[in-house]
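Asker: Let me give you the structure first, and then I'll get to my questions.
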Amino acid sequence: MDEVNQADPLKPKYRRVVLKLSGEGFGHSGKSGISIDETINIAQQAKRVHDRGVQLAIVVGAGNILRGAQFSAGGNVIKEATAHYMGMLATILNGLALQDALESLNCQTRLMTAIHMESVAEPFIRRRAVRHLEKRRIVILAGGTGNPYVTTDTAAALRARELEADILLKATKVDGVFSEDPEINPHAVRYEKLTHERVIRDNLRVMDTAAIDLCKSAKLPILVFNFKKQGNIERAIAGHTIGTYVGD
């Protein structure tokens, strides 16, 4: 990454950003459901970035409510495809919560979904989403891709390419990509920079392979960072050396 602007260390380096936010970001650690405090915290960080002129789209997950793959693991009562659709619908709950939290801070937003439900959100149309960004609206993207068996990581990579984002930010609860799980091995080494090829070759689980491949083919960089540290979304967009940068 380039050097940080010394006169204004939080000056954005990127014009248009897609932020992938896992469902766990909306809840307290180890608990299910939506936490108002955590949702407001996300909204406040997003607002600060938006106020600096960044065009921001946020792809939301739903692990705090329901994981389709886990829900379908208990037998044949709920079919796997049905469980995935349930997971996609759960992302819309997080999207609605984030939308109201942002609008309580006087941010203009649009919630767009891959699954049509016009009474609560707009259908995702690429040209319309781009126009919203250009009009200084924060775009919240829910419903994954609208297809089962596809992760929200892949949805984020796809939307980042469709919207011609400058970078894909992968917000996590750890400080980046490590040689091993840092919650199991406290001596695990954090990688500061990786290539897309190495992530795929070494199966480093930054995101699923389909998502990495989408970014690789477009030479779209990914930054994996801990958004739980206050101000890290701003630092990430300013190009600070945090987390793990995946790119050329």
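Asker: Which value, in Å to one decimal place, does the Kirkwood hydrodynamic radius take for the stretch 77-182 when every pair of different Cα atoms is included? Intermediate values should be presented prior to the final figure.
Answerer: On the way: mean 1/r = 0.0662 Å⁻¹.
One decimal place: 15.1 Å for the Kirkwood radius.
Asker: Could you tell me whether the stretch 90-147 comes out rounded, prolate or oblate from its Cα gyration tensor? Rule is a ≥ b ≥ c as square roots of the eigenvalues, rounded for a/c under 1.5, then prolate if a/b exceeds b/c, otherwise oblate.
Answerer: Numbers: a/c = 2.18, a/b = 1.17, b/c = 1.87.
Judged from the Cα gyration tensor, the stretch 90-147 comes out oblate (a/c at least 1.5, b/c at or above a/b).
Asker: Along each principal axis of its Cα atoms, how long is the stretch 155-226 end to end? Whole angstroms, biggest number first, please.
Answerer: 38, 23, 18
Asker: Enter the accessible area of Arg161 (Å², nearest 10), with the probe set to 1.4 Å and all protein chains included.
Answerer: We get 100 Å² for Arg161.
Asker: Leaving ligands and nucleic acids out of the surface, order Leu204, Leu133 by accessible area at 1.4 Å, largest first. Could you put the intermediate results ahead of the total?
Answerer: Working: Leu204 30, Leu133 5 Å².
So, going from the largest accessible area down, we get Leu204, Leu133.
Asker: Which Rg and Dmax, in Å, describe the Cα atoms of the stretch 97-242?
Answerer: For the stretch 97-242, the Cα-based Rg and Dmax read 16.4, 50 Å.
Asker: For Thr241, what accessible area in Å² do you get when you roll a 1.4 Å probe over the heavy atoms of the protein chains, rounding to the nearest 10?
Answerer: 100
Asker: May I have the convex hull volume per residue, in Å³, for the Cα set of the stretch 21-127?
Answerer: Expressed per residue, the convex hull around the Cα atoms of the stretch 21-127 is 108 Å³.
Asker: If you take the alpha carbon radius of gyration of the chain and divide it by 2.2 N^0.38 Å, what ratio comes out, to two decimals?
Answerer: On the way: Rg = 17.2 Å, N = 248, 2.2 N^0.38 = 17.9 Å.
Cα Rg divided by the expected 2.2 N^0.38 Å: 0.96.
Asker: Further question: Which percent of the accessible area of the chain is formed by carbon and sulfur heavy atoms (probe 1.4 angstrom)? Don't jump to the answer; show the numbers that get you there.
Answerer: Details: 5800 of 11990 Å².
Roughly 48 percent of what the probe reaches on the chain is carbon or sulfur.
Asker: Hey, another quick one. Counting only GluC sites (Glu not before Pro) that sit in a DSSP loop (anything but H, G, I, E, B) with at most 16 other Cβ atoms within 10 Å, what is the longest stretch of the chain containing none of them?
Answerer: Details: sites that count: Glu3, Glu118, Glu164, Glu180, Glu183, Glu192.
Here the longest run is 4-117.
Asker: Taking the chain as a Gaussian network, where each spring joins two C-alpha atoms under 10 Å apart, which residue of His187, His132, His28 fluctuates the most?
Answerer: Of His187, His132, His28, the Gaussian network model singles out His187 as fluctuating most.
Asker: Using +1 on the beta carbon of Lys and Arg, -1 on that of Asp and Glu, and nothing else charged, what's the dipole of the stretch 187-230 about the Cα centre, debye to 20? If you can, show how the numbers build up before the last one.
Answerer: Values: 9 positive and 5 negative charges, 41 e Å.
Roughly 200 debye, rounded to the nearest 20.
Asker: Provide, for q = 0.13, 0.26, 0.29 Å⁻¹, the log10 of I(q)/I(0) from a solvent-free Debye sum over equal Cα point scatterers in the stretch 8-72.
Answerer: -0.44, -1.09, -1.22
The values are calculated or read from the model by the stated rules, or taken from the named source; none is laboratory data. Note that the structure is predicted; figures quoted are calculated from it, not measured. Note that we place each Cβ from the backbone using ideal geometry, even for glycine, and neighbour counts take in every protein chain shown. In case anyone asks, the SASA skips ligands and DNA or RNA and just uses the protein heavy atoms, side chains included. Shrake-Rupley method; radii C 1.70, N 1.55, O 1.52, S 1.80 Å.
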